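Take a look at the structure below.
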Amino acid sequence: MRTPIIAGNWKLNKTVDEALALANDLKGQLSDLNDVEIVIAPPFTALAPLAATLTDSPIVLAGQNCYPAEGAYTGEISPALLRDVGCRAVIIGHSERRQLFAEQDDFINQKVKAALAAGLKVIFCIGETLTERNENLTFEVLEKQIRMGLSGLDSAAMTRLTVAYEPVWAIGTGQTASNEQAQEAHHFIRGLLSQLFDRSTAEATRILYGGSVKPDNIDGLMHQADIDGALVGGASLKVGDFIRIARFKRS
Ligand code: PGA
């Protein structure tokens, strides 16, 4: 059985004080939840103070991005420094990085490898644009992103990697993929992982859905056989919404 993950991607929101308030609320109100892994990815500036607040909490702190090297790279952050400040995971390949900052699959692959080598867990994001979906290219796009992004990884590395399927057209738009659309993509992804690695690796890998996940659609999504959790943007900024999502109803 795969333990579900509910992850909050705070993106470029929250001052340190606001981040502390939200993290403390989550810590208090989710302390009894022991069958779901909770991950939060605040902006870099809030990581150190949040790590101090979360030392006695199972909530996992994650970076939103990293750079696959150290040294003369002004403005970047390395996996080792994320680890140093208390992160146990990092989001890599988010569609905003791909679209707004032109990150390509081979660069994302370097980041995945660097993060795993530094001992971080990885939430590896993939997803098609609306144009690609309308042109029936969804599976082709997902396959390329997975083949290139996970190139060079073995089954052992995959035990520390979670895939997040986030259709670009559903992110921040209020337009969630239907349960069937999401399940279809997740099923495809798991099949591909089985081909690229092996069946038990594919069965053990958590595949999260992301894109306008809200309290009113989480239950239906989590009901799908291949959906193992959610990567939540907008709704992760509101304590009540995120808690309801983390407490999704099981069948
Ligand atoms: P959203 O963002 O929930 O606001 O659509 C999801 C994400 O970008 O991870």
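The values are calculated or read from the model by the stated rules, or taken from the named source; none is laboratory data. Given the structure is predicted, the values throughout are model-derived calculations rather than measurements. Positions of Cβ are backbone-derived with ideal geometry, glycine not excepted, and every protein chain shown enters the neighbour counts. Ligands, DNA and RNA are stripped out before the accessible areas are found, and what is left, the full protein with its side chains, is counted by its heavy atoms. Shrake-Rupley method; radii C 1.70, N 1.55, O 1.52, S 1.80 Å.
A few remarks follow.
- Against the empirical 2.2 N^0.38 Å (N residues), the chain has a Cα radius of gyration ratio of 0.94.
- Estimated Rh, the range 1-150: Kirkwood, alpha-carbon pairs, angstrom: 16.4 Å
- Based on C-alpha pairs under 8 angstrom that are at least 6 apart in sequence, the chain has a relative contact order of 20 percent.
- Note on the range 118-161 and the range 172-202: Cα centroid distance 10 Å, given to the nearest whole angstrom.
- In the complete set of protein chains, residue-level accessible area for Val36 is approximately 10 Å², probe 1.4 angstrom.
- Computed over neighbours whose Cβ is under 13 Å from that of His186, the net charge equals -3, Lys and Arg +1, Asp and Glu -1.
- By the helix-only formula, in which each DSSP H run with n ≥ 4 contributes -39500 (n - 2.57) and the sum is divided by residues, the chain has a 222 nm mean residue ellipticity of -11500 deg cm²/dmol.
- Phi-derived couplings, Karplus 6.51 cos²θ - 1.76 cosθ + 1.60 at θ = phi - 60°, listed residue by residue for the range 203-210: 5, 8, 6, 6, 10, 8, 9, x Hz, with x used for Gly and Pro.
- Residue-level accessible surface for Met148, protein heavy atoms, 1.4 Å, Å²: 80 Å²
- Exposure check, 1.4 Å probe, all protein chains in place: Phe248 carries approximately 20 Å² of accessible surface.
- Nonlocal amide H pairs with Val232, under 5 Å, H built at 1.01 Å: Ala7, Gly8, Asn9
- Computed over neighbours whose Cβ is under 13 Å from that of Leu47, the net charge equals +2, Lys and Arg +1, Asp and Glu -1.
- Note: the range 24-75, Cα convex hull, 96 Å³ per residue.
- Only helices reaching 15 angstrom along their own axis (Cα) with mean Kyte-Doolittle hydropathy no lower than -1.0 count here, and for the DSSP H runs of the chain these are 16-29, 105-117, 138-149, 179-196.
- Descending semi-axes in whole angstrom, ellipsoid equivalent of the range 135-200, from the Cα gyration tensor: 23, 12, 12
- Among Tyr165, Tyr73, the order of accessible area from largest down is Tyr73, Tyr165, computed with a 1.4 Å probe on protein heavy atoms.
- Potential lengthening of the chain between Tyr73 and Thr173 amounts to 32.7 nm, from the contour at 0.36 nm per residue minus the alpha-carbon distance.
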